[in-house]
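The values are calculated or read from the model by the stated rules, or taken from the named source; none is laboratory data. None of these values were measured; they are calculated from a predicted model. Note: ideal-geometry Cβ built from the backbone for every residue, glycine included; neighbour counts use all protein chains shown. For the accessible areas, the whole protein counts, side chains as well, though only heavy atoms, and no ligand, DNA or RNA atoms are used. Shrake-Rupley method; radii C 1.70, N 1.55, O 1.52, S 1.80 Å.
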Amino acid sequence: MNVSEKRLSVLAADSPEAFLRLTGVMARRGFRLRGMSLAKTMHPGVVRYTLVFPGDDGAAERAVLNLRKVVDVLRVEDVSGEAFRERWVALIRCACRACDVPETLPLRVLEEDADSVLFEASGDRETVESCISAMASFGIGDVIRGGPFVMPLAPGTEPPV
Amino acid sequence: MRMTGAEMVVRLLEANGATHVFGIPGGSVIPLYDAFSDARFTHLLMRHEQAAVHAADGFARVSGRPGVCVCTAGPGFTNCLTGLATAFADSVPLVLVCGQVATSLIGTDAFQEADVFGGSLSVVKHSFMVRDLAGLARTFRSAFGIAGEGRPGPVLIEIPVDLQREVGDLPSGTTDGECPVRVSGRGGATPELREALRLLDAAERPMFLAGGGVMISRASEALLSCAERFQAPVATTLLGKGSFPGSHPLSLGMAGMHGTPQANLALSEADVILAVGTRFSDRTTGNTGFFGKAAAVIHIDIDASEIGKVVAPSLGIVADAGDALRFLNECPGRRRDPSWVARTREWRARYAAPGMMQGGFHPGDIVRRIRNAFDDVVPLVADVGQNQMWAAQHWSAEHPGTFLTSGGLGTMGYALPAAVGASFAAGLSPVVCVAGDGGFLMNVQELDTCVRYAVPIRIFILNNGCLGMVRQWQELFRDGRYSQTVTGSPCDYVRLAGAFGIPGFSCSSLEGLDSVLSEVASVEGPVLVECRIAQEENVFPMVPPGGALGDFLFRAGDA
């Protein structure tokens, strides 16, 4: 994992206003979001944002303290580092046939037609990125990345709700 | 109880302790204004929405309770933005009730529609978009609570006009609750506070730097006894003025870019600086690379995100200023060598002569004459620029809430409307407003408000015919190229006042000012005094931008 990137897990009210306040605070304080996921939790009305941005421990601390001031924010945790497992996902459409692609690549075929194949890659970020690089030689028609999704290795370290 | 949304708003404002509401009606708040006719609070009609917010701000700073203001949608709202940003920067509790076009029209670019939520996002502590009447009581309770608790700030409630007309039920009991009361943080002995005590007890040259947070948490008495106990001189920030009596032997006055030599030298030489309720503005610290270099800095603030934001303290404590100071005050301490305090007093004596030009009608002298003409409980509201710094340097504030100014945002035009609010907060009692000609003209329309409500406001315009602070920087740092700052405006302020029905005076000497002041004393309502001062008058001492606090220019020609 890139040590100069931080991940925060933010539990917040499920509202469009909360989304704007949260991203507004990050932008206003100079944090540049490199990745973000938004998902509902097991509690109605509470959603989880996972934010990725470049920065060191001090930057993460400042982001945490500023996010905690947002009234809609219920909890903020730094989920960067070894104690957490994270997954990314990418959907890749290539102008090739599924059988052309080496089986060693951790790809799932979601759909195949006469002209192209839609693959899914998932795993840690390096795995997903290396899949995308490897597929470049087959002519990528389109690619979309998502993530991260972060869970603690040991239960009770933080998320889930 | 069945009533319209507008009537609910009135009941809820009353229930949350609103006594004065500043505003201007408009298309999307007509139902609300209709309901104001039988409200228990007083509505004050201002002449500009920005001024309404500033008035509520001045009201809040004097009363310590959230100020309340009302505006209409669209331009009414956008006019409020400067007021909201001013209050946000200075942590002032406000509730703005803002009209909005009818729910069915939102998003259609309807007449006077503006994106209230989006537009205000970065200048409010929180905002509520009312979309039905069901949760209205809770919305108002939350709004007043959020505005006042922790680090205070402005809160906005946006209500579409159709909901103001709609009839619904206001559940009984929702209006009889207690007004939100400021809850201080956990008091008592935290390990951090014990460490602060240890550092202070071990210090040879301790001092306090008191910010606006001391007044917000009503901790002035605790600060006073703390300072005396530790024999620690006290410097204040601009917003901290009034948190410690200016005439007290331990008072160093204001620190920072235009701070007193004794305050800035003490900050440079102290071995322990306890900074409380301050966010270390760049105007207070000077070059942060040199700030408190000789000292262990203890930073106490209620807002955790302020600790370490600008100055990395030796010890950061997230706490209510009052709780922290009361704890420090209750512990036994040791007697201290008086030589440190004596040293700060030597500086004070050495730099006693104000750094003004020789001869003439000096702004510093003017401010001191005005100060002496009024009781020390009369609040001063200073505008922004040179006049603000002259006021800060020469107006000795003795009590909390008696020195008001736009510190963080530096909003020219703040003083006149804020003074209106300040006067109402103190039962329509006298208030002094000091402004330059530039800032005064930015909200001059509020003279009409002063007249209609017979506000006993004493307006002193320090007229130098220029935008003085920028002119000063152009003189010092741009080789005297006065780009767009010297107006040479021929405005006749006495006749201007007269046009509004306000007695006006003009003077250009201290003798003239003295005789005007004796006349002012007998005026009941508003009065305006123009003091014609030299264009060349600059604010000194001055720490040049980027400089260390100890490296100040004391008078013109120092370099």
* Tell me, which residue of the range B:406-426 that is part of a helix (DSSP H, G or I) and not small (Gly, Ala, Ser) is farthest from B:Val470 (Cα to Cα)? -> B:Phe424
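How about the range B:127-143: which of its residues are within 23 Å of B:Val167 (Cβ to Cβ), surrounded by 15 or more Cβ atoms within 10 Å (Cβ to Cβ) and within 13 Å of another protein chain (Cβ to nearest Cβ)?
Just the residues of the range B:127-143 that are within 23 Å of B:Val167 (Cβ to Cβ), to begin with: B:128-141, B:143.
Next, only the ones that are surrounded by 15 or more Cβ atoms within 10 Å (Cβ to Cβ) stay: B:128-130, B:133, B:136-137, B:139-141, B:143.
B:Phe128, B:Met129, B:Val130, B:Thr139, B:Ala143, listed by residue number.
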* Structure fact -> By my count, strands (runs of 3 or more DSSP E) wholly in the range B:236-351 with at least 1 residues that are in contact (Cβ under 8 Å) with a residue 12 or more places away in the chain and surrounded by fewer than 19 Cβ atoms within 10 Å (Cβ to Cβ) are B:315-318
* Scan the range B:104-126 for residues that are out of contact with any Phe, Trp or Tyr (no Cβ under 6 Å at 6 or more places or on another chain), within 13 Å of chain A (Cβ to nearest Cβ), in a helix (DSSP H, G or I) and open to solvent by 20 Å² or more (accessible area, probe 1.4 Å) and jot them down. => B:Gly118, B:Gly119, B:Leu121, B:Ser122
* Structure fact -> Taking the range B:502-522 and keeping residues exposed (fewer than 15 other Cβ atoms within 10 Å of the Cβ) and either acidic (Asp, Glu) or closer than 21 Å to B:Ser429 by Cβ (or both) leaves B:Glu511, B:Asp514, B:Ser518, B:Glu519, B:Ala521, B:Ser522
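Return yes or no: is B:Phe291 of a type in the set (Phe, Trp, Tyr), under 17 Å from the mean Cα position of the chain (by Cα) and within 29 Å of B:Phe88 (Cβ to Cβ)?
No; evaluated as a whole, the condition is false for this residue.
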* When you go through A:Arg97, A:Arg68 one by one, which is the residue that is basic (Lys, Arg), modelled with pLDDT under 90 and over 20 Å from the mean Cα position of the chain (by Cα)? -> A:Arg97
* Structure fact -> A:Asn66: passes all of (1) more than 12 Å from chain B (Cβ to nearest Cβ); (2) buried (at least 19 other Cβ atoms within 10 Å of the Cβ); (3) in contact (Cβ under 8 Å) with a residue 40 or more places away in the chain but (1)
* Which listed residue is among the acidic types (Asp, Glu), more than 14 Å from chain B (Cβ to nearest Cβ) and within 17 Å of A:Phe149 (Cβ to Cβ), from A:Glu103, A:Glu77 -> A:Glu77
* Structure fact -> Restricting attention to the range A:28-62, the residues that are open to solvent by 20 Å² or more (accessible area, probe 1.4 Å) and within 14 Å of chain B (Cβ to nearest Cβ) number exactly 10
* Asked: Pick from B:Gly436, B:Gly408: which is modelled with pLDDT of 95 or more, under 17 Å from B:Gly504 (Cβ atoms) and of a type outside the set (A, V, I, L, M, F, W, C)?
  -> B:Gly436
* Structure fact -> Within the range A:4-17, the residues that are of a type in the set (Gly, Ala, Ser) and either in a strand (DSSP E or B) or within 11 Å of chain B (Cβ to nearest Cβ) (or both) are A:Ser9, A:Ala12, A:Ala13, A:Ser15
* Asked: For the range B:418-435, what are the residues that are more than 21 Å from B:Pro66 (Cβ to Cβ) and open to solvent by 10 Å² or more (accessible area, probe 1.4 Å)?
  -> B:Pro430
* Structure fact -> Residue count, the range B:144-164, condition open to solvent by less than 10 Å² (accessible area, probe 1.4 Å), in a helix (DSSP H, G or I) and more than 25 Å from B:Ala110 (Cβ to Cβ), comes to 2
* **Residues being surrounded by fewer than 21 Cβ atoms within 10 Å (Cβ to Cβ) and in contact with a helix residue (DSSP H, G or I) (Cβ under 8 Å, 6 or more places away or on another chain) - total across the range B:546-556** => 3
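Which residue is most open to solvent (accessible area, probe 1.4 Å), if the candidates are limited to the range A:1-20 and must be farther than 18 Å from A:Val79 by Cβ and either touching a His at 6+ places or on another chain (Cβ under 8 Å) or acidic (Asp, Glu) (or both)?
Of all residues in the range A:1-20, those farther than 18 Å from A:Val79 by Cβ come to A:13-20.
Subsequent filtering for residues that are either touching a His at 6+ places or on another chain (Cβ under 8 Å) or acidic (Asp, Glu) (or both) retains A:14, A:17.
Working: A:Asp14: 101, A:Glu17: 50 Å².
That would be A:Asp14.
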